[in-house]
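The values are calculated or read from the model by the stated rules, or taken from the named source; none is laboratory data. The structure presented is a predicted model; accordingly, all values stated were derived computationally and were not measured. For neighbour counting, all protein chains shown are included, and Cβ atoms are generated from backbone atoms with ideal geometry for every residue, glycine included. All accessible areas refer to the heavy atoms of the entire protein, side chains included, with ligands and DNA or RNA removed. Shrake-Rupley method; radii C 1.70, N 1.55, O 1.52, S 1.80 Å.
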Amino acid sequence: MNVAILGAGAIAFGSAALIEAGGHRAALWSPSGGGTAALARDGALAYGGAMTGTAHPAVIADLAELAGYDAVLVAVPANGHRAVMERLAPHLESRHVAIVSGALSLSPLYLSKLVAARGVRPAIASFGTTVLTARKTGEAAVSINVLRARLDVAAIPVSEGARALDVCRRLFGDRFDLAASALAIALVNINPVAHAGLALGNLTRIELGEAWPQYRYLTPAVARLIEGLDAERRAVAAAFGLSVRTIEQHFEHSFDLPRAPLAEQAAILHARRGGPPGPTTLATRFVLEDAPFGLGFTAAVARIAGVPVPLTDASLDVLSALWGRNLVADNDILPELDLPALDAQALARLAAEGFARRR
């Protein structure tokens, strides 16, 4: 398959390596153009860590080139989803499978809205998290830290689930489970609750730029905060008739860990890996991405479902006070979905079917 990857960060680079290692052809597109400059010059992407080798992905200069591709992977942070999707939508066709890596805030539903306005309906798949974790080690080099053992994927519309699942397995291996809907995927992602707890529990380390391995500092007290946030996330999912894993089950499922309390799982991960390092600046996605697009989304759909989420609301308030800004207002996807106009049934139906195709 020919796969276009929109993004030029660590996840995009790591995904290109994994796709090419599976015998497919990958190409990278940078929203600014700068992220692929070295790759365009040298023609090679070096990767190490969980996989080692050299990939030779092409560089896409213009998204009009998507006519020659079978699938598109959106691999940018959630706070870049809207801008990238607005540039992508004019070039998608019904034959495409578009995959949103690490989908938050029902951003795949926004892409459905954009393409429906053109009268086309590609299969839009979303992952509950990224297929791998990675960090860039150079302008055209990446270290792949972890290849996740299992992760969830859903499609808009849900009738395209089998096609989306088949393409994801062909590209990334047999590591996917089909989730009920994109709404389930939006509530599956445990990064917002984990990152909020870690940020609040280690704020001064972050602000002072100290070196701290994440799992070493996911202490029993921090674990209790994360577990409280996680319980609210699962209560919201249950109100929509969705069953999602606990954070402990996610760690067990994703990192091949034994069943154990969260703090004990973190200790095992720290002994096994030592990292990854925690953020060392307030300009961290732990807060700037996961608070507005993760916790903020949970709070928004909780109101629709009539589920109280006091700890989620309090965490958003405290994080906003610490960062000196209204973090929820940074979410530029939710206003485009007009969620307050929907009841719980209508939201679940829209997340499953997407926006109506206009003829």
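Let me know the whole percent of all Cα-Cα pairs from region 5-107 that are separated by more than 15 Å.
Value for region 5-107 (Cα pairs over 15 Å): 60 percent.
What Kirkwood radius, in Å to one decimal, follows from the Cα pairs of region 224-300?
It is 14.2 Å.
Restricting to the chain, what percent of DSSP beta bridges are antiparallel, rounded to 5?
35
With both partners inside region 91-207, how many of the DSSP beta bridges are antiparallel, as a percent to the nearest 5?
In region 91-207, approximately 60 percent of DSSP beta bridges are antiparallel ones.
How large is log10 of I(q)/I(0) for region 120-272 at q = 0.10, 0.12, 0.20 Å⁻¹ when the intensity is taken from the Debye formula with one equal scatterer per alpha-carbon?
-0.42, -0.59, -1.31
Just round it to a whole percent: the fraction of Cα-Cα distances in region 70-134 exceeding 14 Å.
More than 14 Å apart: 50 percent of the Cα pairs in region 70-134.
Could you identify which residue out of Ile99, Ile124, Ile60 has the top mean-square fluctuation in a GNM of the chain using Cα springs shorter than 10 Å?
Ile60
Determine the per residue accessible area of the chain with all protein chains present and a 1.4 angstrom probe, expressed in square angstrom.
39
Please work out the Cα convex hull volume for region 226-359 and give it in Å³ per residue.
149
Could you pull the Rg and Dmax for region 143-232, using just the Cα atoms, both in Å?
Rg and Dmax of region 143-232, Cα atoms, are 17.0, 49 Å.
Suppose we keep just the DSSP beta bridges with both residues in region 33-175; what percent of those would be antiparallel, to 5?
50
With the Cα gyration tensor of region 221-262 in hand, give its eigenvalues times 5 under a square root as the equivalent ellipsoid semi-axes, listed largest first in whole angstrom.
19, 14, 6
Between Thr246, Thr204, Thr36, which gets the highest mean-square fluctuation from a Gaussian network model of the chain, Cα cutoff 10 Å?
Of Thr246, Thr204, Thr36, the most mobile in the Gaussian network model is Thr204.
With a cut-off of 8 Å between alpha carbons and a minimum separation of six or more residues, what is the relative contact order of the chain in percent?
Rounded, it is 17 percent for the chain.
Towards the positive end of the charge dipole of the chain, with charges on Cβ (+1 Lys, Arg; -1 Asp, Glu), say which of Pro279, Ile60, Pro292 has the farthest Cα.
Positive-end residue among those listed: Ile60.
Taking region 272-327 on its own, what percent of its Cα-Cα pair distances exceed 14 Å?
59
Determine the relative contact order of region 58-168: mean sequence separation of Cα pairs under 8 Å and six or more apart, normalised by residue count, in whole percent.
Over region 58-168, the number comes to 22 percent.
Identify which of Ala321, Ala21, Ala117 has the largest mean-square fluctuation in a Gaussian network model of the chain, with springs joining Cα atoms closer than 10 Å.
Ala321
Any number yet on Rg/Rh for region 13-172, C-alpha, Kirkwood?
Ratio of gyration radius to Kirkwood radius for region 13-172: 0.94.
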